[in-house]
Amino acid sequence: MNGLFAGLTHFQALLFFALVVSVTFAFLSKRGAAERVEYVLWVFLAFLLVAIGIGWLMYPFSR
Amino acid sequence: MSEAVKKQGTGSLGLGISVALASWAVPGLGHLMLRRWGKAAVYFLCVGGLACAGLAMRGGIFGADATDMFDRLGFFADMGAGVFYFLAHMIQTAGPDVAHASGDYGTRLFATAGILNLLTVLEAYEIGRGWRT
């Protein structure tokens, strides 16, 4: 387990985080498989887009 | 009693508190008591997965001796993970290493596991009270 997670890049950790949180949110707030799958996809993509967007916004300040 | 909760939408304060405590202690246990098998499995895997990943990445765990508000918030979030918080030192044998980015991510993942579990605790309480079906 340590070997599996210890070497994760920031992006890989973000993917794992986004997937797990979106699945939990879907089960907390939606009923039915179809609704949950749709919600997981939306939240997962929203996490990625927002994170990448904020990353780009912060890029000029990294130098 | 859980069947009655499911069918009639009625519950009790005692049931609500007991499933909330069970949910906090072991993620998914409260839903297991309410016979919500699928939710119980998903919550255990998601909260447990995040917590174990955070520990494997050598994330820091906030202790009860927190000195400032951020540390106290971190302690509150970490405590939400229930059994994973109390077993953290057994799972994370190498100890935390927040000097590296990976350890920092691990700290956040573990805190998120705690917060997610607190949300499942609230849901279990609402189902136990009959406020939610």
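The values are calculated or read from the model by the stated rules, or taken from the named source; none is laboratory data. Since this is a predicted model, take the numbers as computed values, not measurements. Neighbour counts run over all protein chains shown; Cβ positions are idealised from the backbone, glycine included. Remember, those area values only see protein heavy atoms, side chains included, never the ligands or the DNA or RNA. Shrake-Rupley method; radii C 1.70, N 1.55, O 1.52, S 1.80 Å.
The figures follow:
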read-out	value
Filter pass, A:L4 being among the hydrophobic types (A, V, I, L, M, F, W, C), over 21 Å from B:N117 (Cα atoms) and surrounded by fewer than 16 Cβ atoms within 10 Å (Cβ to Cβ)	yes
Matching residues, region B:30-47, being more than 8 Å from every other protein chain (Cβ to nearest Cβ), buried (at least 20 other Cβ atoms within 10 Å of the Cβ) and either out of contact with any Ser or Thr (no Cβ under 7 Å at 6 or more places or on another chain) or in a helix (DSSP H, G or I) (or both)	B:G30, B:H31, B:L32, B:R36, B:A40
Test result for B:L73, under 20 Å from the mean Cα position of the chain (by Cα), surrounded by fewer than 20 Cβ atoms within 10 Å (Cβ to Cβ) and away from chain A (no Cβ under 14 Å)	yes
Residue that is farthest from the other protein chains (Cβ to nearest Cβ) [pool: residues in region A:14-28 that are open to solvent by 10 Å² or more (accessible area, probe 1.4 Å) and either more than 22 Å from B:R36 (Cα to Cα) or of a type in the set (A, V, I, L, M) (or both)]	A:L15
Residues located in region B:24-40, provided they are touching a His at 6+ places or on another chain (Cβ under 9 Å) and either of a type outside the set (F, W, Y) or touching a residue at least 24 places away in the same chain (Cβ under 8 Å) (or both)	B:G38, B:K39, B:A40
Test: residue in region B:104-111 that is in a helix (DSSP H, G or I), in contact (Cβ under 8 Å) with a residue 12 or more places away in the chain and closer than 16 Å to B:K39 by Cα	no
